[in-house]
Amino acid sequence: MDDPDSPPAVVAARHADAELVAALAARDEAAFAELVDRWGPTMLRVARSHVQTDASAEEVVQDTWLAVLRGLDGFEGRSSLRTWVFRILANIAKTRGVKDRRTVPMSGFGGEDVERGPTVDPDRFRGPDDQYPGGWKSFPDAWPTAEQRALGREVGVVVQEAVAALPPNQRTVVTLRDLHGFDAEEVCELLGVSAGNQRVLLHRGRAQVRRRLEEHYGSDARWGATP
């Protein structure tokens, strides 16, 4: 039963999860295919962060889906279905990495691509006590109303390309945090990284995405950039 004090969005999410679990339990192929399409690429990236080859990552994802279908009765709704699935994925990936003796070491998330690479002034991001921690403080001063939709689509393409060009560890963290809404604790758990490394990877990745946007539009001032 839902807590009467739960926010409407939380209640709606729980109901959506319950419907999805019921569909999967009933072996609804359409529901399963939609879920694979929606989560599959990110699952591959997470799995790949624990194993050395793409083939191993694909096997981890396949094993995860089998484990999910077999273990649906064990889903109690204490976390979201997505979090539950990704925790299964992370456990299988870590086990596979240890078995292969090729687990990516912690330094893989704290080494060269954490410490190097282009960045921007940290003051341009919202602080940890802000309502939207980690978000950008400033946005374009002017945005042509007549072109808003077209520009929005263009921005989306530029952002996707910028994220795809990030170093693998940064790309995974940015994808989980900013594109799929995982919180910091979930990302640390899924990837086996420290809170500090997660923050650095996220900042570096976000900074490079913003820099790519600034380069694309050719006006740092318009985006609130500092010289």
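Observations on the model:
- Calculated FRET efficiency, Thr83 to Val158, Cβ-Cβ distance, R0 = 41 Å: about 0.85 to the nearest 0.05.
- With a simple spin-label model that places each label point 7 Å from the Cα along the Cα-to-Cβ direction, the separation between Ala195 and Ala16 comes to 2.8 nm.
- Global form of the range 8-100, assessed from the alpha-carbon gyration tensor, a/c cut-off 1.5: prolate
- Length gained when the stretch Leu44-Ala165 is fully extended (0.36 nm per residue, less Cα-Cα span): 41.9 nm
- Label-to-label distance, Leu66 versus Ala26, with points set 7 angstrom from Cα along the beta-carbon direction: 2.7 nm.
Every number in this text was worked out from the coordinates using simple rules, so none of it is lab data. These figures come from a predicted structure and were not determined experimentally. With ideal geometry, Cβ positions are generated from the backbone for all residues, glycine too; neighbour counts draw on all protein chains shown.
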